[in-house]
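**Student:** Quick one: this structure, given as structure tokens, is what I'll be asking you about.
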Amino acid sequence: MTNEATDVKLTVPLFDLVNDSGALTALLITKEGHAIAEAGDTSYLNTTAMAALIAGMFSATREVARMVGESQFSILLQQGSNRHIHISLVTDSVMMVVIFEDYQRIGRVRHEARKAGEKLMASLRTNESRVTAQVAGELCVPEFKEYALNLIDRIFTAK
Amino acid sequence: MPHISYERREIAFKLVYYGPGMSGKTTNLAQIHKRLAAEVKTEMISLDTHEDRTLFFDFMPVELGSIDGYMIRFNMYTVPGQVYYEASRRLILDGADGVVFVADSQPGRLEENVLSYKRMEQNLRSYKHDPRNFPMVLQYNKRDCPSALPVGTLEREVSCHGVPVVEAVATEGRGVMETVRLLSRQIVERFHL
């Protein structure tokens, strides 16, 4: 894989958001709990588990919203002692998560998150078909299945 | 359909363990976690109550390995089994690529198995899946209990025939790896781009 092949349409707005807001990390997460793009420092974070938990939290919040007569809450804010999380909906099925440290910058984070969200919205609409086409160009499905089935048989063995 | 990330060079499948309360869904995941080699597993996350009942879900990602530069990841979830967590169960099924139904073999629990199975079918339909044509394994757990329900009982009650069946004692790890292996194979067999 080359760097040129990286899907810049998703990462560039996230990098801009991190740089311009002074945030630590920005992630894009689907409502099914998968992380699809990230920017900033992720070395301290298990992004896979984070994506699953954030998606669960957002789903639960959506149900809560319905109970009070809202279709959903578009922004969630978690305030900690040192780190804080700003979560916003980009599309119906994708969330943007921003982790930041200086709570004084919440206004800036919110502003940059909104800007990034607007840029990401169009890319996300075509993202699935674009990704499938990119992957199809690199992956031979019959071979993939054969290798994957071998891995499954090797890893999920009774001991 | 698995989640494919070109950005992260990753193909992620979602496996969900479904079934009535206390049937052994979390135990299945814990036993898989115990038996997997260290290099393929990460931490298992449980959102449970003080009584160790699953409150929202358990989550465990497993990295199978890399194929043509793409990491193959199986994200495994359990749903909370208790009747009043129906909304959570439905949400967790969203985006699932396959389901293990963990049935409780104790004779007094047939009705709960049937109810849970039917709800699972309804929930799958709500996501436009045909439950009769969806990767699935039926696990009869707790086979060591006295007068265990005969295999075939649940299939007759809910008219699901042809679903692969595994007999298990999850607390001892019996049948656990066979269950996940059978489901994983079904899921990969259906993979397409």
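**Student:** Count charges around residue A:115 for me, please; just the other residues with Cβ under 13 Å from its Cβ, Lys/Arg as +1, Asp/Glu as -1.
**Tutor:** 0
**Student:** Let me ask something else about it. Roughly how crowded by other chains is peptide A:121-131, in terms of the mean Cβ count from those chains within 10 Å of each of its Cβ atoms?
**Tutor:** Average per residue, whole number: 1.
**Student:** In addition: So how strong a dipole does the protein assembly as shown carry about its Cα centre when Lys and Arg Cβ are +1 and Asp and Glu Cβ are -1, to the nearest 20 debye?
**Tutor:** In debye, rounded to 20, the protein assembly as shown gives about 440.
**Student:** Take every DSSP beta bridge whose two residues both sit in chain B, then give the antiparallel share in percent to the nearest 5.
**Tutor:** Taking every DSSP beta bridge with both residues in chain B, the antiparallel ones total about 45 percent.
**Student:** Same structure again: Count the DSSP beta bridges whose two residues both fall in the protein assembly as shown, then state the antiparallel fraction as a percent rounded to the nearest 5.
**Tutor:** 65
**Student:** Take each of the peptides A:108-115, B:18-25, average the number of other beta-carbon atoms within 10 Å over its residues, and list them starting from the highest.
**Tutor:** B:18-25, A:108-115
**Student:** Counting Lys and Arg as +1 and Asp and Glu as -1, each charge on the Cβ, what is the dipole of the stretch A:3-156 about the Cα centre in debye, to the nearest 20?
**Tutor:** 480
**Student:** While we're on this one: Tabulate in residue order the Karplus-calculated ³J(HN,Hα) for the stretch A:84-99, using 6.51 cos²θ - 1.76 cosθ + 1.60 with θ = phi - 60°, rounded to whole Hz; enter x for Gly and Pro.
**Tutor:** 9, 10, 10, 10, 9, 7, 9, 10, 4, 10, 10, 10, 10, 10, 10, 9
**Student:** Could I ask something else about it? Can you give the Kirkwood hydrodynamic radius for the protein assembly as shown, in Å, rounded to one decimal and based on Cα pairs?
**Tutor:** Taking every pair of different Cα atoms in the protein assembly as shown, averaging 1/r and inverting gives 21.2 Å.
**Student:** Now for a separate question. Given the DSSP H assignment, sum -39500 (n - 2.57) over each helix run of at least 4 residues in the protein assembly as shown and divide by its residue total; what's the result at 222 nm in deg cm²/dmol, nearest 500?
**Tutor:** Only helices count here, giving -13000 deg cm²/dmol.
**Student:** Order of A:66-77, A:128-139 by packing, highest average Cβ count within 10 Å first?
**Tutor:** Sorting A:66-77, A:128-139 by mean packing, highest first, produces A:128-139, A:66-77.
**Student:** Name the long-range amide H neighbours of residue A:24: under 5 Å, sequence gap of 5 or more, or other chain; modelled H, no Pro or chain starts.
**Tutor:** Residues meeting the amide H criterion: A:99, A:100, A:101.
**Student:** Further, regarding this structure: Which whole-number percent gives the relative contact order of chain A, counting Cα pairs below 8 Å spaced six or more residues apart?
**Tutor:** Rounded, it is 22 percent for chain A.
**Student:** If you don't mind, another one. What does the structure give for B:23-34 when I average, per residue, the other chain Cβ atoms found within 10 Å of the residue Cβ?
**Tutor:** For peptide B:23-34, the averaged partner shielding equals 0.
**Student:** Quickly work out the residue A:43-to-residue A:121 label distance, labels modelled 7 Å from Cα along the C-beta direction, and quote it in nm with one decimal.
**Tutor:** A separation of 3.6 nm, rounded to one decimal place.
**Student:** Let me ask something else about it. For chain A, with a Gaussian network of springs between Cα atoms less than 10 Å apart, report the residue from A:38, A:118, A:63 with the top mean-square fluctuation.
**Tutor:** Of A:38, A:118, A:63, the Gaussian network model singles out A:63 as fluctuating most.
**Student:** So what are the ³J(HN,Hα) numbers for the stretch A:38-43, from phi and the Karplus equation (6.51, -1.76, 1.60; θ = phi - 60°), rounded to whole Hz, Gly and Pro as x?
**Tutor:** Running phi through 6.51 cos²θ - 1.76 cosθ + 1.60 with θ = phi - 60° gives 8, 8, x, 7, 10, 5 Hz.
**Student:** Another question, then. Counting only other chains, what is the mean number of Cβ atoms within 10 angstrom of the Cβ of each residue in peptide A:22-32?
**Tutor:** Whole-number average of other-chain Cβ neighbours for A:22-32 is 2.
**Student:** Pull up all non-local amide H partners of residue B:62: gap of 5 or more, or a different chain, and H-to-H distance under 5 Å with H placed in the peptide plane.
**Tutor:** B:74, B:75, B:76
**Student:** If packing is taken as the mean number of other Cβ atoms within 10 Å per residue, what is the order of B:70-78, A:89-97, A:146-154, highest first?
**Tutor:** In descending order of packing, they fall as B:70-78, A:89-97, A:146-154.
**Student:** Right, here's the next one. Report the antiparallel proportion of the DSSP beta bridges in the stretch B:1-101 as a percent, rounded to a multiple of 5.
**Tutor:** Expressed as a percentage, antiparallel bridges in the stretch B:1-101 total about 55.
**Student:** Also, I was wondering about something else. What FRET efficiency comes out for residue B:83 versus residue B:33 if R0 is 22 angstrom and r is the Cβ-Cβ distance? Round to the nearest 0.05.
**Tutor:** 0.25
**Student:** Check which residues have an amide H placed less than 5 Å from residue B:68's amide H, if you skip close sequence neighbours.
**Tutor:** Residues meeting the criterion, in which the H sits 1.01 Å from N, do not exist here.
**Student:** Tell me the volume per residue, in Å³, of the convex hull enclosing the alpha carbons of chain A.
**Tutor:** 173
**Student:** Hey, another quick one. Per-residue HN-Hα couplings for the stretch B:65-77, Karplus 6.51 cos²θ - 1.76 cosθ + 1.60 at θ = phi - 60°, whole Hz, x for Gly and Pro?
**Tutor:** x, 10, 10, 6, x, 9, 6, 9, 10, 10, 8, 9, 10
**Student:** Can you pull the Kirkwood radius for the stretch B:115-178, inverse mean 1/r over Cα pairs, to one decimal in Å?
**Tutor:** Evaluated over the stretch B:115-178, this radius sits at 12.9 Å.
Only the coordinates and a few stated rules stand behind these numbers; no lab work does. Quick caveat, the model's predicted, so the values are computed rather than measured. Quick reminder, even Gly has a Cβ in these numbers, built from the backbone with ideal geometry, and neighbours come from all protein chains shown.
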